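The values are calculated or read from the model by the stated rules, or taken from the named source; none is laboratory data. What you see is a predicted model; the values in this text were computed from it and never measured. No Cβ is skipped: glycine too gets one built from the backbone with ideal geometry, and neighbour counts run over all protein chains shown.
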Amino acid sequence: MEIHVALSRAESYESPDLALFDIDPEPPAIFDDAVDVALIIEDRLDHLGLKSYIKTSGKKGLHIVVPVSAGYTFEQTREFVHRIGKSLASGSKIIVSELSDSKKPGTVFIDYLQNSHGRTMACPYSLRATPHATVSTPLDWSDLKKGIKPETLNILTVAKNSKSPWQDLMKNRQSLV
């Protein structure tokens with residue numbers, strides 16, 4: 001059973017707690033391509049002074065979240081993610097940030113549209129309905145490298161992991177620039 005969570009808490013459902021970069025490779029692009037794009041996004045966010053968190057989606061891509069201070073609207077977080085996606089796409093042949101380009105073979109889509117009221121993401125540590133019973137797995141940025149295979153992060157392996165890389169997620173709410 002997959003579990004998905006909103007990007008906001010129940011008591012502030014109209015205001016997001018997280019800005020989400022949903023990174024999806026379109027074949028023949030592969031997971032390693034998504035890793036490359038995630039590291040580029042991390043570098044950009046670091047340059048902006050923003051702490052971000054990474055996890056596998058449990059399927060073909062990655063999720064980067066930035067915990068945001070109270071008071072932002074979904075429109076503001078969506079525009080923030082889209083602005084970064086457009087900027088990165090302008091200097092890349094593989095990165096796309098527009099829905100109309102999202103299915104172009106060999107590209108990696110930075111899906112900003114997930115930052116909309118009522119949209120959800122796979123919950124950290126949620127099982128996914130895949131043949132390998134993969135898990136949407138939080139990672140330390142230092143653990144994100146080419147060669148990671150999402151199918152190895154599954155019901156049998158993730159439970160053995162003692163790390164908790166998202167432990168302080170909501171203690172690090174920050175203002176978007």
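With the structure loaded, tell me whether residue 24 is at pLDDT 95 or above and in contact with an Asp or Glu (Cβ under 7 Å, 6 or more places away or on another chain) or whether it fails that test.
Judged against the criteria, residue 24 is a match.
I'm trying to understand the selection: among the residues of region 89-113, which are under 16 Å from the mean Cα position of the chain (by Cα), surrounded by fewer than 19 Cβ atoms within 10 Å (Cβ to Cβ) and not hydroxyl-bearing (Ser, Thr, Tyr)?
113, the sole residue that qualifies.
So which residues in region 134-177 are out of contact with any Phe, Trp or Tyr (no Cβ under 8 Å at 6 or more places or on another chain) and in a strand (DSSP E or B)?
Result: 134, 139, 154, 174.
Only one of these conditions is not met by residue 128: (1) exposed (fewer than 13 other Cβ atoms within 10 Å of the Cβ); (2) within 29 Å of residue 11 (Cα to Cα); (3) among the basic types (Lys, Arg). Which number is it?
Tallying (1) exposed (fewer than 13 other Cβ atoms within 10 Å of the Cβ); (2) within 29 Å of residue 11 (Cα to Cα); (3) among the basic types (Lys, Arg), residue 128 fails exactly one: (1).
If you scan region 150-162, which residues turn out to be under 13 Å from residue 139 (Cα atoms) and surrounded by 11 or more Cβ atoms within 10 Å (Cβ to Cβ)?
Listed by number, the residues that qualify are 150, 153, 158, 161.
Quick check on my filter: what residues within region 134-155 are touching a residue at least 40 places away in the same chain (Cβ under 8 Å) and β-branched (Val, Ile, Thr)?
134, 135, 137, 148
Give me the residue from region 25-47 that is farther than 22 Å from residue 152 by Cβ and of a type in the set (A, V, I, L, M) and, out of that set, surrounded by the most Cβ atoms within 10 Å (Cβ to Cβ).
41
Do you know which residues across region 54-75 are surrounded by 16 or more Cβ atoms within 10 Å (Cβ to Cβ) and either among the hydroxyl-bearing types (Ser, Thr, Tyr) or assigned to a helix (DSSP H, G or I) (or both)?
56, 57, 72, 74
Only residues that are of a type outside the set (Asp, Glu), farther than 18 Å from residue 7 by Cα, outside any strand (DSSP E or B) and without any contact (Cβ under 8 Å) to a residue 60 or more places away in the chain: list them for region 91-133, please.
Once the filter is applied, which keeps residues that are of a type outside the set (Asp, Glu), farther than 18 Å from residue 7 by Cα, outside any strand (DSSP E or B) and without any contact (Cβ under 8 Å) to a residue 60 or more places away in the chain, region 91-133 yields 91, 92, 93, 97, 99, 100, 131, 132, 133.
Within region 87-94, can one find any residue that is of a type outside the set (A, V, I, L, M, F, W, C) and in contact with a helix residue (DSSP H, G or I) (Cβ under 9 Å, 6 or more places away or on another chain)?
yes
Are there any pairs, at least 6 apart or on different chains, whose C-beta atoms fall under 9 Å, with the first in region 25-53 and assigned to a strand (DSSP E or B) and the second crowded, with 18+ Cβ neighbours inside 10 Å and of a type in the set (Asp, Glu), and if so, which?
Listed pairs, sorted by first residue: 25/33.
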